[in-house]
Amino acid sequence: MAPPQKLVLAAILSAFIFATTTTGDGSNNAAEDIVHSSCVHASYPSLCIRTLSTYSGPTITNRRELAQAAVKVSLSHAEAAAKKLAAVRETVGKKREKAAVVDCVEMIGDSVDELSRTLSALKRLRVSGGSVNEFRWQMSNAQTWASAALTDDDTCLDGFQGIDGEVKSEVKEWMTKVARVTSNALYMINQLDDKRGKPHVVRP
């Protein structure tokens, strides 16, 4: 049987290892708490948690940064979809499909531009020291551009009504993903209207 001192030491070491492996960096835990508490009521909660939990940008410390991260995720998906659509446009042969893809390329291009404008508006939000009118103006801009991007995503898919086949299936998969992350981003933006972009304090 091991001496009492060794048993105590082993227990302390085990507790330390468990704590470090389960809690890790406190800032990371805070970011995860913000993501989970904010995503729970988003349009697509599971997608929201998955995309924002794996966000590789700066550490998220408040809801304004979370909204920016959500828009960046949406923008990244839109840009990826734009590249895929541009490639499909060059290979599709059927006239109606080609017309639908050409329209989609234009729509996703507009969506990328609108999401970029959304991000710019969020970056100009004054967390403190700014007037309510200034905050409302920038919030209105961010909401308007994000809503427009979401509309463009939906409009792209409208062009494929009455068309079946592999091209439609691929485009629908890409654009549905873009629309869903954009819907989540718009939800995060709308939450700032009540919070006024103030940091979300997470208790340890």
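The values are calculated or read from the model by the stated rules, or taken from the named source; none is laboratory data. Remember, predicted model here, so these are calculated numbers, not experimental data. No Cβ is skipped: glycine too gets one built from the backbone with ideal geometry, and neighbour counts run over all protein chains shown. Surface accessibility is based on the protein's heavy atoms, side chains included, excluding ligands, DNA and RNA. Shrake-Rupley method; radii C 1.70, N 1.55, O 1.52, S 1.80 Å.
Could you put GLU32, GLU114, GLU134 in order of accessible surface area, largest first, with the 1.4 Å probe and the full protein assembly present? Don't skip to the answer; put the middle values down first.
Numbers: GLU32 95, GLU114 25, GLU134 70 Å².
From most exposed to least exposed: GLU32, GLU134, GLU114.
The loop-placed chymotrypsin sites (Phe, Trp or Tyr not before Pro) in region 85-162, going by DSSP, include none that has at most 16 neighbouring Cβ atoms within 10 Å of its Cβ.
Among the trypsin sites (Lys or Arg not before Pro) found in region 67-96, those both in a DSSP coil and sparsely packed, with 15 or fewer other Cβ atoms within 10 Å of their Cβ, are LYS94. Note: relative contact order over region 72-137, using C-alpha pairs below 8 Å and six or more positions apart, is 36 percent.
According to the Kirkwood expression over distinct Cα-Cα pairs, how big is the hydrodynamic radius of region 78-189, in Å? Please list the in-between numbers first.
On the way: mean 1/r = 0.0673 Å⁻¹.
Value: 14.9 Å, from the Cα pair sum.
Our note on the geometry: Cα centres of region 132-169 and region 40-94, 13 Å apart.
Write out the GluC sites (Glu not before Pro) in region 38-94 meeting two conditions: DSSP loop, and at most 13 other Cβ atoms within 10 Å of their Cβ. Could you put the intermediate results ahead of the total?
On the way: sites: GLU65, GLU79, GLU90; in loops: GLU90.
Filter output for region 38-94: GLU90.
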